[in-house]
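Novice: After the structure tokens below, expect a handful of questions from me.
The values are calculated or read from the model by the stated rules, or taken from the named source; none is laboratory data. Model, not experiment: these values are computed from the prediction. Cβ placement follows ideal geometry from the backbone for every residue including glycine, while neighbour counts extend to all protein chains displayed.
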Amino acid sequence: MEDVLILAIESSCDETAASVVKNGRTVLSNVISSQIALHTLYGGVVPEIASRKHIEKINQVITQALRDASVTLSDITAIGVTYGPGLVGALLVGVAEAKAIAYARHLPLIGVHHIEGHVSANYIEHPDLEPPFLCLIVSGGHTHLVIVKDYGEFEILGRTRDDAAGEAFDKVARAIGLGYPGGPKVDALAREGNPRAIEFPRGKLSDCPYDFSFSGVKSAVLNYLNGAKMKGEEVNRADIAASFQKSVVDVLVDHTMLAARDFSMDRIAIAGGVASNGALREAMEKACRRRGFRFYRPSPILCTDNAAMIGAAAYYEYRKGTRHGWDLNAVPNLKLGER
């Protein structure tokens, strides 16, 4: 069978990325232009600045991705692009670029769901992983527990009722003075603290044991800080970070193991930006080993936003016959499972 080369584009938030992926699993190039240093000045992502920076960088990253892969546009089979969810202006830059290239080169256009891309990052480094399997998706905007029934086909078992896990990390990081990006900074500081120093609550919902709630633990951290400030007490930031992180990780792992038992799943994967968190990876690996489950996780570089994961997802959509027209638009609130 002839090789399928996908040129993939990702611009949903503050990374401008392009990649060439062969047959869904082999990454020939993966170029990422990050805007973290720029947005750190403002304590978070500024959508208009992100959009303008994507416009500046997108042609450069695509040119570099083709060069790194030692291919030209003549070798490309199809164009894959993230069209949602994400920041609408940022998404539009990638979608417009993908449509322009596909139109000019007479290539199939495949819009990819950003979260489907995160799940597909696991296929790149784990050639033996095929659906069905259980996947915990944890990022700044999403926390989902899903059964991956087939490529691009999901059954959602649980989701967050309020803050996503990554959102809670960012808010707590800001509260204890760590700044942006919050997740990696909390993870780093937590290694210096005692995770049992402070007993923060674990959010559990009686009506759906697989759903998540992280607003309670976030509020508990804020209340702890306010209480200490009112009493004039010094706080140990490392202990706060470690105790908060343990509270979140415990819930993520417990819910995943419960679902694995209830649905007889023995292959567990994690995906999304928070999947690069060291404490989560370690706790999930330990829990899976104890139960005899196989555990899959992408390398940290493939957990954060990148185009290689979009190329992997686009390949399987291409194989299924998914094609989008020139009316493909950005859908900032695109739900998992929607097309």
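Novice: Just give me the residues in the stretch 154-187 being hydroxyl-bearing (Ser, Thr, Tyr) and modelled with pLDDT under 90, in sequence order.
Specialist: Within the stretch 154-187, the first condition is being hydroxyl-bearing (Ser, Thr, Tyr), and the residues that meet it are 160, 180.
The one that is hydroxyl-bearing (Ser, Thr, Tyr) and modelled with pLDDT under 90: Tyr180.
Novice: If you take the residues in the stretch 70-107 that are hydroxyl-bearing (Ser, Thr, Tyr) and outside any loop (DSSP other than H, G, I, E, B), which one is farthest from Thr322 (Cα to Cα)?
Specialist: Kept after step one, since they are hydroxyl-bearing (Ser, Thr, Tyr), are these residues of the stretch 70-107: 70, 72, 74, 77, 82-83, 103.
So of that shortlist, the ones also outside any loop (DSSP other than H, G, I, E, B) come out as 74, 82-83, 103.
Details: Ser74: 21, Thr82: 14, Tyr83: 14, Tyr103: 16 Å.
Going through the qualifying residues, I end up with Ser74.
Novice: Could I ask something else about it? In the stretch 273-319, what residues are part of a loop (DSSP other than H, G, I, E, B), within 18 Å of Ser19 (Cα to Cα) and touching a strand residue (DSSP E or B) at 6+ places or on another chain (Cβ under 9 Å)?
Specialist: Pro298, Thr304, Asp305, Asn306, Ala307
Novice: Another question, then. If I filter the stretch 86-106 down to residues being within 15 Å of Leu5 (Cα to Cα) and touching a residue at least 60 places away in the same chain (Cβ under 8 Å), which single residue comes out as surrounded by the most Cβ atoms within 10 Å (Cβ to Cβ)?
Specialist: Keep residues of the stretch 86-106 that are within 15 Å of Leu5 (Cα to Cα), which gives 98, 101-102, 105-106.
Adding the requirement that they be touching a residue at least 60 places away in the same chain (Cβ under 8 Å) leaves 98, 101.
Details: Ala98: 28, Ile101: 18.
Out of the qualifying residues, it is Ala98.
Novice: Filtering the stretch 231-256 down to residues that are within 30 Å of Ser12 (Cβ to Cβ) and of a type in the set (A, V, I, L, M, F, W, C), which residue is surrounded by the fewest Cβ atoms within 10 Å (Cβ to Cβ)?
Specialist: If we take residues in the stretch 231-256 being within 30 Å of Ser12 (Cβ to Cβ) and of a type in the set (A, V, I, L, M, F, W, C), then Val251 is surrounded by the fewest Cβ atoms within 10 Å (Cβ to Cβ).
Novice: Same structure, new question: If you take the residues in the stretch 279-300 that are in contact (Cβ under 8 Å) with a residue 40 or more places away in the chain and closer than 24 Å to Ser215 by Cβ, which one is surrounded by the fewest Cβ atoms within 10 Å (Cβ to Cβ)?
Specialist: First, the residues of the stretch 279-300 that are in contact (Cβ under 8 Å) with a residue 40 or more places away in the chain: 279-280, 284, 296-299.
Then keep just the ones that are closer than 24 Å to Ser215 by Cβ; that gives 279-280, 284.
Values: Ala279: 20, Leu280: 22, Met284: 25.
So the residue we want is Ala279.
Novice: Out of the residues in the stretch 301-339 that are among the β-branched types (Val, Ile, Thr) and in contact with a helix residue (DSSP H, G or I) (Cβ under 6 Å, 6 or more places away or on another chain), state the one that is surrounded by the most Cβ atoms within 10 Å (Cβ to Cβ). Break it down stepwise before answering.
Specialist: Pass one, the stretch 301-339, residues among the β-branched types (Val, Ile, Thr): 301, 304, 310, 322, 331.
Narrowing the set further to residues that are in contact with a helix residue (DSSP H, G or I) (Cβ under 6 Å, 6 or more places away or on another chain) leaves 304, 310.
Values: Thr304: 25, Ile310: 35.
Applying the filter and picking the extreme gives Ile310.
Novice: How about the stretch 249-272: which of its residues are out of contact with any strand residue (DSSP E or B) (no Cβ under 8 Å at 6 or more places or on another chain) and not in a helix (DSSP H, G or I)?
Specialist: So in the stretch 249-272, the residues out of contact with any strand residue (DSSP E or B) (no Cβ under 8 Å at 6 or more places or on another chain) come out as 249-250, 253-254, 257-258, 261-262, 264.
Selection gives Ser264 alone.
Novice: Does any residue in the stretch 314-339 that is on the phi > 0 side of the Ramachandran plot come within less than 9 Å, Cβ to Cβ, of a residue that is modelled with pLDDT of 95 or more and aromatic (Phe, Trp, Tyr) six or more places away or on a different chain, and which pairs are these?
Specialist: So the pair list comes out as Gly337/Phe154.
Novice: So how many residues does the stretch 143-187 have that are touching a residue at least 60 places away in the same chain (Cβ under 8 Å), under 23 Å from Arg339 (Cβ atoms) and in contact with a Leu (Cβ under 9 Å, 6 or more places away or on another chain)?
Specialist: Result for the stretch 143-187: 10.
Novice: Among the numbered conditions (1) within 26 Å of Phe169 (Cβ to Cβ); (2) at pLDDT below 95, tell me where Ala259 comes up short.
Specialist: All conditions pass for Ala259, except number (2).
Novice: Sort through Ser33, Ser19 and tell me the only one that's under 21 Å from Ala98 (Cβ atoms), without any contact (Cβ under 8 Å) to a residue 40 or more places away in the chain and not in a helix (DSSP H, G or I).
Specialist: Within the list Ser33, Ser19, the selection yields Ser33.
Novice: With respect to Arg261, is the statement that it is more than 30 Å from Gly117 (Cβ to Cβ), among the basic types (Lys, Arg) and surrounded by fewer than 19 Cβ atoms within 10 Å (Cβ to Cβ) true? Working first, answer last.
Specialist: Details: more than 30 Å from Gly117 (Cβ to Cβ): no; among the basic types (Lys, Arg): yes; surrounded by fewer than 19 Cβ atoms within 10 Å (Cβ to Cβ): yes.
In short, no.
Novice: State yes or no: is Ala228 surrounded by 14 or more Cβ atoms within 10 Å (Cβ to Cβ), assigned by TED's automatic domain parsing to the domain that holds Gly278, more than 30 Å from Ile156 (Cα to Cα) and free of Cβ contacts under 8 Å to residues at least 12 places away in the same chain?
Specialist: Working: surrounded by 14 or more Cβ atoms within 10 Å (Cβ to Cβ): yes; assigned by TED's automatic domain parsing to the domain that holds Gly278: yes; more than 30 Å from Ile156 (Cα to Cα): yes; free of Cβ contacts under 8 Å to residues at least 12 places away in the same chain: yes.
So Ala228 passes the test.
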